[in-house]
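Q: If you scroll down you'll find the structure; I have some questions about it.
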Amino acid sequence: NAGVTQTPKFQVLKTGQSMTLQCAQDMNHNSMYWYRQDPGMGLRLIYYSASEGTTDKGEVPNGYNVSRLNKREFSLRLESAAPSQTSVYFCASREGTGATWEQFFGPGTRLTVL
Amino acid sequence: QKEVEQDPGPLSVPEGAIVSLNCTYSNSAFQYFMWYRQYSRKGPELLMYTYSSGNKEDGRFTAQVDKSSKYISLFIRDSQPSDSATYLCAMTGANSKLTFGKGITLSVRP
């Protein structure tokens, strides 16, 4: 099992460009999450999907959109990138039933917006 | 005040030292407490979890929770250079979202 995979691993954008970060999990998990990690700020939740067909805003959703394409895939889109979106982005998944709260993380995407 | 506060670090200790990492929280709804370890340029991985006040031991690692004082700690005994990483506390209540501390970077010197 690959666990949680993310593409691309690195990306450099110019201000105003758009891009989609892809995430897929092969653990049959119900819940999926997108975080950003910045120095001194920890992990901050952007959006999450508690189950297939649902999405909700997290702590820092402005400037982002998400799509839960199916149970396996959860994508994050930047419509018009800004330098403030320079960050490391992590996708995570969780089984989502009962008290199974452990989240499994992908390797991250390092995004630089110039 | 943020819901979860974590000692900022960084922290540098000699090999073999006992390390204490701490977080405090303000939300009484938090019931499940975790420590994640993140190596450089990798995603976080769950290290330990607990849901009750008291201590939980796993090898050289001990997780401690004091719900009455709203703080959690992670102790590392006989620290090794391989323990060098960023440690993040995380906690959740009845919903599916985790709230993370900012993380502390630990360096264990050989």
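The values are calculated or read from the model by the stated rules, or taken from the named source; none is laboratory data. Fair warning: this is a prediction, and the values are worked out from it, not measured in the lab. When we count neighbours, we look across all protein chains shown, and the Cβ atoms used for this are built from the backbone with ideal geometry, even at glycine.
Q: Within the range A:12-50, track down each residue that is of a type outside the set (D, E, K, R), closer than 17 Å to B:Gly43 by Cα and out of contact with any Phe, Trp or Tyr (no Cβ under 9 Å at 6 or more places or on another chain).
A: A:Pro39, A:Gly40, A:Met41
Q: Given the residues B:Leu88, B:Leu106, B:Leu74, which is the only one that is modelled with pLDDT of 95 or more, surrounded by 18 or more Cβ atoms within 10 Å (Cβ to Cβ) and at the interface with another protein chain (Cβ under 10 Å from one of its Cβ atoms)?
A: The match here is B:Leu88.
Q: Being assigned to a loop (DSSP other than H, G, I, E, B) and surrounded by 17 or more Cβ atoms within 10 Å (Cβ to Cβ) is the filter; apply it to the range B:91-103 and report the residue that is modelled with the lowest pLDDT.
A: B:Ser96
Q: Given the criterion closer than 27 Å to A:Gln6 by Cβ, touching an Asp or Glu at 6+ places or on another chain (Cβ under 6 Å) and more than 10 Å from chain A (Cβ to nearest Cβ), identify the matching residue among B:Arg37, B:Arg60.
A: B:Arg37
Conditions (1) surrounded by 16 or more Cβ atoms within 10 Å (Cβ to Cβ); (2) within 14 Å of chain B (Cβ to nearest Cβ); (3) part of a strand (DSSP E or B), marked per residue:
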position	(1), (2), (3)
A:Gln6	yes, yes, yes
A:Gln11	yes, no, yes
A:Asn28	no, no, no
A:Thr54	no, yes, no
A:Ser67	no, no, yes
A:Tyr89	yes, yes, yes
A:Thr112	no, no, yes
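Residues are listed down the side, and each one gets a yes or a no for (1) among the aliphatic types (A, V, I, L, M); (2) more than 11 Å from chain B (Cβ to nearest Cβ); (3) touching an Asp or Glu at 6+ places or on another chain (Cβ under 9 Å):
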{"residue": "A:Asp38", "(1), (2), (3)": "no, no, no"}
{"residue": "A:Ser80", "(1), (2), (3)": "no, yes, no"}
{"residue": "A:Phe104", "(1), (2), (3)": "no, no, yes"}
{"residue": "A:Pro107", "(1), (2), (3)": "no, no, no"}
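Q: Something else about it: Looking only at the range B:10-22, count every residue that is among the small types (Gly, Ala, Ser) and not in a loop (DSSP other than H, G, I, E, B) and tell me the total.
A: Result for the range B:10-22: 2.
Q: From (1) surrounded by fewer than 17 Cβ atoms within 10 Å (Cβ to Cβ); (2) modelled with pLDDT of 95 or more, pick out the condition that doesn't hold for A:Gln37.
A: Condition (1) is where A:Gln37 drops out.
Each row is one residue, and each column tells you yes or no for (1) assigned to a strand (DSSP E or B); (2) under 11 Å from the mean Cα position of the chain (by Cα); (3) without any contact (Cβ under 8 Å) to a residue 60 or more places away in the chain.
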site	(1), (2), (3)
B:Pro8	no, no, no
B:Thr24	yes, yes, yes
B:Ser28	no, no, yes
B:Trp35	yes, yes, yes
B:Leu47	yes, yes, yes
B:Asn55	yes, no, yes
B:Thr62	yes, yes, yes
B:Asp78	no, no, no
B:Tyr87	yes, yes, no
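Q: Next up: Any idea which of (1) surrounded by fewer than 17 Cβ atoms within 10 Å (Cβ to Cβ); (2) within 11 Å of another protein chain (Cβ to nearest Cβ) is the one B:Ser68 doesn't satisfy?
A: Tallying (1) surrounded by fewer than 17 Cβ atoms within 10 Å (Cβ to Cβ); (2) within 11 Å of another protein chain (Cβ to nearest Cβ), B:Ser68 fails exactly one: (2).
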